[in-house]
Amino acid sequence: MELKVVERSATAESRLTSAQSVEVQDKVRDHPCFSKDAHHHYARMHVAVAPACNIQCHYCNRKYDCANESRPGVVSELLTPELAVKKVLAVAAEIPQLSVLGIAGPGDPLANPERTFATFAELSEKAPDIRLCVSTNGLMLPAHVDQLCEHNIDHVTITINCIDPEIGARIYPWIFWHNRRIRGKKAAAILIEQQLKGLEMLAERGVLVKINSVLIPGVNDQHLAEVSRVVKQKGAFLHNIMPLIAEPEHGTFYGLMGQRTPTSQELNAVQQACANDMDIMSHCRQCRADAIGMLGQDRHAEFTLERIESLEIDHAAAMERRAQVRAEIERQRAAKRSRPQPPVLVSLDALTGAKPVPKSRPNDKHAAAPAVSLTKPGFKVAVASHDGQQVDQAFAEAQTFAIYQLDVAHAPRLLETRTVPAAGADLSAALAGVKDCGAVLCTRIGFDAWQQLEAAGIRPLSVQPGTSMRAALAQAQAETAAAITANLDALAPALSA
Amino acid sequence: MSYRITAACVNCWACEPLCPNEAVRAAKPHFVIEAARCNGCEGEFADPQCASICPIEGAILDPSGAPVNPPGSLTGIPPSAWSQVQQAIQAR
Ligand code: SF4
Ligand code: SF4
Ligand code: SF4
């Protein structure tokens, strides 16, 4: 009712956005990638089919995967569209919770339109129930919007670091456009124009668009609030700020030049200035471009090419099973929603540090009941913290860990403060130093360390630098409980089938 | 008349799909241009396509053996100005 009143008095442009936002909010609230609850129940995967890129970002070394989408220094196994489809179908047959497939690289999906669309076309045909997403630098987006919409496209992520070509020229030295290399401000102007046009075209067609920006101190830090305003006005449902990563050993221009990375205070300030309207997961962890699985879990190693080639799959039966599993997940989620809500472990206020978290929770029989027994006797978490207040260190450089006891039934308890050798200098010594812990909580974890931690049964968890330790621990506690519940609930029917 | 790829190539694939003559081939240790197929994009494009998208200075040589993208041409910073720019960036 209210909406209609707004519609009548509004201009054409704002009418479109307000009408859209209701629909968009509904979509996002329940989305496997953006809803905190749905995220635990559904699996996502990426395939690396798109190697080429058509621009240069100063924070990227093109020896490795697109820095917008991956942890630095990562190289994914490049797949042909044919193999990628096989792999997705194999995964979808074994992990029936799979609901979203992404193409994010290793370069730019739309700089490799043949490979990207060949993959999408075959998948739309063979597994029409799986939704597709792409992440792009946006240069070729307007040219491909219609083609994208022909497929089962669910959402698009565009990395937009600026809307001012002066600033763009300090981030992008050149682009490849209409068969020529274009440099400097002119290049940045074209890129920005295409990005914003692509955003508007997608929003008009009702496709969810998320914007990522890399915060580069002294370059776009003062400018991102303006970027945020403009992209939201043009229909983006989420603006996500990521800190620049620039190390000399990554061989990027910024790394070699000594461009500094943002402090946690700077990052917090910009994130707050660009805050999103909805309480949704804005920070998808910087996963590998070919990761597979549910939150915090990667089953990539199980799906080797040899194994995929040898699998005989009944696709119709697999799709049927996915439909059943999805229906079951939705039934459980609905049942959970209708139960009286337990007190929330992490309130939004707690995350922003506005209100203290209660020291102990009141007795509550409903609260995460199945998880309590599962996590008994709980586990230790090593928190990489310099000052004992904030999570402020990457795993590679952390030497001081606060060791907390975590279980679902009690508030986190500090056991000790421990000094270990920095993982960057001696990974195995660092691993030995935290081997009694069930999880490591830090700001960033390198690829090798990530793998080895997981292999040792230690959950790597990363949060935005500067997150208060209290909030991060509460979040880890809630996530662990939810993940355990979700994994068991969701996997049980699948495994027994 | 043929262009050539050097050991500086990082195997990024950018050039491969662009060649109008399918002269670029993925190979180990780095991509190669089949000399017999490459015509420098003559009659098709004003600029050689492979060298117009290649992100690595010095990775592609023109028929005379000179790098199409010499040092400083892609970063936009001539080698002589490197340390000056580095200082400016470090002051950010
Ligand atoms: S868009 Fe991605 S792959 Fe291309 S230069 Fe930028 S970070 Fe690298
Ligand atoms: S110069 Fe033109 S024809 Fe020769 S390899 Fe490069 S793209 Fe192909
Ligand atoms: S574009 Fe340059 S670096 Fe990339 S594969 Fe071709 S020659 Fe190698």
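Among residues of the stretch B:1-27 that are away from every other protein chain (no Cβ under 12 Å) and outside any loop (DSSP other than H, G, I, E, B), those with a beta-carbon under 6 Å from a residue that is of a type in the set (Phe, Trp, Tyr) and surrounded by 18 or more Cβ atoms within 10 Å (Cβ to Cβ) at least six positions away or on a different chain give the pairs B:ILE5/B:PHE31. For the stretch A:211-236, a residue qualifies if it is open to solvent by 20 Å² or more (accessible area, probe 1.4 Å) and more than 14 Å from every other protein chain (Cβ to nearest Cβ), and the qualifying residues are A:ALA225, A:GLU226, A:ARG229, A:LYS232, A:GLN233, A:LYS234.
Scanning the stretch A:110-133 turns up no residue that is in the same structural domain as A:ILE211 (by TED's automatic domain parsing), part of a strand (DSSP E or B), modelled with pLDDT under 95 and farther than 21 Å from A:ILE329 by Cβ. Counting only residues that are touching a strand residue (DSSP E or B) at 6+ places or on another chain (Cβ under 6 Å) and open to solvent by 20 Å² or more (accessible area, probe 1.4 Å), how many does the stretch B:35-57 have? The qualifying residues number 1.
Residues in the stretch A:100-109 that are within 16 Å of ligand 3 (Cβ to nearest atom) and either at pLDDT below 90 or open to solvent by 10 Å² or more (accessible area, probe 1.4 Å) (or both): A:GLY105, A:PRO106. On the given criteria, is A:VAL156 within 30 Å of A:TYR254 (Cα to Cα), of a type in the set (A, V, I, L, M, F, W, C), part of a strand (DSSP E or B) and without any contact (Cβ under 8 Å) to a residue 40 or more places away in the chain? No; evaluated as a whole, the condition is false for this residue.
For the stretch B:45-52, indicate whether the set of residues that are near ligand 2 (Cβ under 8 Å from one of its atoms), more than 13 Å from chain A (Cβ to nearest Cβ) and not charged (D, E, K, R) is non-empty. Taking every residue of the stretch B:45-52 in turn, none turns out to be near ligand 2 (Cβ under 8 Å from one of its atoms), more than 13 Å from chain A (Cβ to nearest Cβ) and not charged (D, E, K, R). If you go through the stretch A:138-169 and keep only what is within 12 Å of ligand 1 (Cβ to nearest atom), within 14 Å of chain B (Cβ to nearest Cβ) and open to solvent by less than 10 Å² (accessible area, probe 1.4 Å), you end up with just A:LEU139. Is the stretch A:271-286 home to any residue that is at pLDDT below 95, assigned to a loop (DSSP other than H, G, I, E, B) and of a type in the set (Asp, Glu)? Yes, because at least one residue in the stretch A:271-286 is at pLDDT below 95, assigned to a loop (DSSP other than H, G, I, E, B) and of a type in the set (Asp, Glu). Set side by side, the residues A:ARG307, A:ARG321, A:ARG260 differ, and just one is open to solvent by 60 Å² or more (accessible area, probe 1.4 Å) and either hydroxyl-bearing (Ser, Thr, Tyr) or at pLDDT 90 or above (or both), which is A:ARG260. Quick check on my filter: what residues within the stretch A:93-109 are farther than 21 Å from A:SER35 by Cβ and either away from ligand 1 (no atom under 16 Å from the Cβ) or part of a strand (DSSP E or B) (or both)? A:ALA93, A:GLU94, A:ILE103, A:PRO106, listed by residue number. Checked against (1) in a helix (DSSP H, G or I); (2) free of Cβ contacts under 8 Å to residues at least 40 places away in the same chain, A:VAL145 passes all but condition (2).
The values are calculated or read from the model by the stated rules, or taken from the named source; none is laboratory data. Please read all numbers here as calculations on a predicted model, not as lab measurements. Backbone-built Cβ (ideal geometry, glycine too); neighbour counts: all protein chains shown. Areas reflect the complete protein model, heavy atoms only, side chains present, ligands, DNA and RNA absent. Shrake-Rupley method; radii C 1.70, N 1.55, O 1.52, S 1.80 Å.
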